[in-house]
Structure formats: structure tokens, C-alpha cells
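Report on the structure given below.
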Amino acid sequence: MFTLGSEYTRAEIHAQLGGSRVTCLPTRNGVIVAGCFNKKFSPQAPDIVLCGQGARSSLVSELFSRQRDAVPVFIKAASNRWQYHGRFVVSQSLQSGPQFLDAIIGSGRTVASVSYVVMLKKVE
């Protein structure tokens, strides 16, 4: 489906998996189908993802934090160029506490802008 290290457009990712072409966690039928992360907002991605706040973001972030199926993960390389990093599964999800704060420190994000800190583990 995707080749490790290769780059894809969001249209190409969408054609394979469905879901939104713009959100970082595209869903199809209530299931997260991919993670498309920007190092600007999650500098430790793909290992640690900082999920945003807001009505829609928080709901999708909660869904992602509970999902046990692996998803293909892409990191933004350039404008509309997303590099495939492999399939990852949620290993831990945090909404508060010292580990939550440690993950945010140095990210350029505020605690108020993060609903979940999600740790991912590569499965391939």
C-alpha cells in the first residue's frame, strides 16, 4: 500500500484509506484510518503526538487515544508532501500528570492547547 520513507500527497493517502484530506487524524466510519502529523505541532512525532483542543479535535483525539488498531503514520515533509513512517499503534494516552507535561515542554505548545498526549509504538 505505502512504501516506508516514500512521500505521498493527501489525495493519494485519501485514495487508499478514505477520510478527510486535511485533518491530522482522518476517520472513516468512526475509525481513525491514518495519522498525518506536522512536526510544528508534534515535534516528537511519530513517537509522541500532541492532540489539539476544540470540540471536533478533542472528540477525534479521544477516539484515537482509545483505538487499538494500528494506523499508517505520515509526517509532513513539505507542502502537500507526507512521508510514510510505517504502521503505529497507541501504546499510552495521557490527559494530565507529569508525563503529559514533560511531553509538552519544549514543543512550542501550551498545556491549554493539548487535549491528549498520545504515545505511539511502531508495529512493523
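The values are calculated or read from the model by the stated rules, or taken from the named source; none is laboratory data. The shown structure was predicted, so the numbers you read here are calculated from the model rather than taken from an experiment. Glycine gets a Cβ as well: all are built from the backbone with ideal geometry, and neighbour counts include every protein chain shown. When the accessible area is computed, the model is the full protein with side chains, heavy atoms only, and any ligands, DNA or RNA have been set aside. Shrake-Rupley method; radii C 1.70, N 1.55, O 1.52, S 1.80 Å.
Residue count for the stretch 53-64 under the criterion of being of a type in the set (A, V, I, L, M) and either open to solvent by less than 80 Å² (accessible area, probe 1.4 Å) or modelled with pLDDT of 90 or more (or both): the result is 2. Every test in (1) over 25 Å from Ser113 (Cα atoms); (2) in a helix (DSSP H, G or I) is passed by Met1 save one, and that test is (2).
Residue count for the stretch 24-43 under the criterion of being under 11 Å from the mean Cα position of the chain (by Cα) and surrounded by 15 or more Cβ atoms within 10 Å (Cβ to Cβ): the result is 11. Residues in the stretch 2-14 that are touching a residue at least 12 places away in the same chain (Cβ under 8 Å) and in contact with a strand residue (DSSP E or B) (Cβ under 9 Å, 6 or more places away or on another chain): Phe2, Thr3, Leu4, Gly5, Ser6, Glu7, Tyr8, Thr9, Arg10, Ile13. Within the stretch 90-117, restricting attention to residues that are hydroxyl-bearing (Ser, Thr, Tyr) and within 14 Å of the chain's Cα centre (by Cα), the residue that is surrounded by the most Cβ atoms within 10 Å (Cβ to Cβ) is Tyr116.
Tyr84 falls short on exactly one of the conditions (1) open to solvent by less than 20 Å² (accessible area, probe 1.4 Å); (2) out of contact with any strand residue (DSSP E or B) (no Cβ under 8 Å at 6 or more places or on another chain), and that condition is (2). State whether the residues of the stretch 15-23 include one that is surrounded by 13 or more Cβ atoms within 10 Å (Cβ to Cβ) and in contact (Cβ under 8 Å) with a residue 60 or more places away in the chain. The answer is no; no qualifying residue exists. For the stretch 65-81, filtering for residues that are open to solvent by less than 20 Å² (accessible area, probe 1.4 Å) and small (Gly, Ala, Ser) leaves 1.
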